[in-house]
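Step one of this worksheet: look at the structure below.
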Amino acid sequence: MSSIEWRGSEGLTDYEYARSEMTKRVADIANQEASEMIWFLQHPPLYTAGSSADRRELLMPDRFPVYPAERGGRYTYHGPGQRIGYLMMDIRKHGNDIRRFVHSIEKWVVESLAEFGVTAYSHPERIGIWVDTPDGEAKIGAIGIRVRRWISFHGFSLNICPDLEHFSGIIPCGISEFGVTSLHALGKKVSMSDVDQALADRFPHFLEALQSKEAF
């Protein structure tokens, strides 16, 4: 863990700046010129379009800036009150298995949410982090990574206290039949720093899961 840099950005981080920083860091890691990095931040309100984005799922194209993203997936929303975790890691050093890498990110977030009494789960047919609510299943976190030269970038988003109405401008991740929720909407009035600490506490388990040979 000591060889992985942890970076936290205060305020709202411009998306293009973050993407530029990630791109450079990925190249530097691949060239053995920089350490791996976990970067926690928040973005101003915006939509991103993954490699499978369908323009018909962008319901309000003029509402917020829309950025193409190298990650997989479709449209998603980022904004204040949402913890973004960007992971720039050499997958070859951590199990050398991209599917396990994605699954382990899901497990990491699920275990971190359990610290606040939230029973979250992943779903075999729908990527992301899900919870049960009185209105049915709802998504509380999204996963989307890209791998270049075996180095990961992008990562996850976790809804702590964003304006959930902002999700109405898209069909999040192309899934229209389920809602979106947050920790605050579930009655968990935790802070961003509380969530960051839970994620940091569970990070060693994430690294262990990457090396596991157990089926998933």
Could you grab me the full set of residues in the stretch 13-26 that are touching a residue at least 60 places away in the same chain (Cβ under 8 Å) and over 16 Å from the mean Cα position of the chain (by Cα)?
-> THR23, ARG25, VAL26
One residue from GLY85, GLY81, GLY117 being modelled with pLDDT of 95 or more and in contact with a Phe, Trp or Tyr (Cβ under 6 Å, 6 or more places away or on another chain) = GLY85
Tally time: how many residues in the stretch 54-66 are free of Cβ contacts under 8 Å to residues at least 60 places away in the same chain and either among the β-branched types (Val, Ile, Thr) or surrounded by 15 or more Cβ atoms within 10 Å (Cβ to Cβ) (or both)?
-> 1
Within the stretch 107-120, identify whether any single residue is touching a Pro at 6+ places or on another chain (Cβ under 9 Å) and either under 24 Å from LYS24 (Cα atoms) or open to solvent by less than 10 Å² (accessible area, probe 1.4 Å) (or both), and answer yes or no.
-> no
Does PHE178 satisfy being among the hydrophobic types (A, V, I, L, M, F, W, C), over 17 Å from ARG100 (Cβ atoms), in contact (Cβ under 8 Å) with a residue 12 or more places away in the chain and open to solvent by less than 40 Å² (accessible area, probe 1.4 Å)?
-> no
Which of (1) over 18 Å from TYR47 (Cβ atoms); (2) part of a loop (DSSP other than H, G, I, E, B); (3) not basic (Lys, Arg) does SER152 not meet, given it meets every other one?
-> (2)
Inspect all residues belonging to the stretch 29-37 and state whether any of them is buried (at least 20 other Cβ atoms within 10 Å of the Cβ), modelled with pLDDT of 95 or more and out of contact with any helix residue (DSSP H, G or I) (no Cβ under 8 Å at 6 or more places or on another chain).
-> yes
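The values are calculated or read from the model by the stated rules, or taken from the named source; none is laboratory data. Note that the structure is a prediction, hence the values are computed from the model and not measured. Glycine also receives a Cβ, built like all others from the backbone with ideal geometry; neighbour counts cover every protein chain displayed. Note: areas computed on protein heavy atoms with side chains; ligands, DNA, RNA excluded. Shrake-Rupley method; radii C 1.70, N 1.55, O 1.52, S 1.80 Å.
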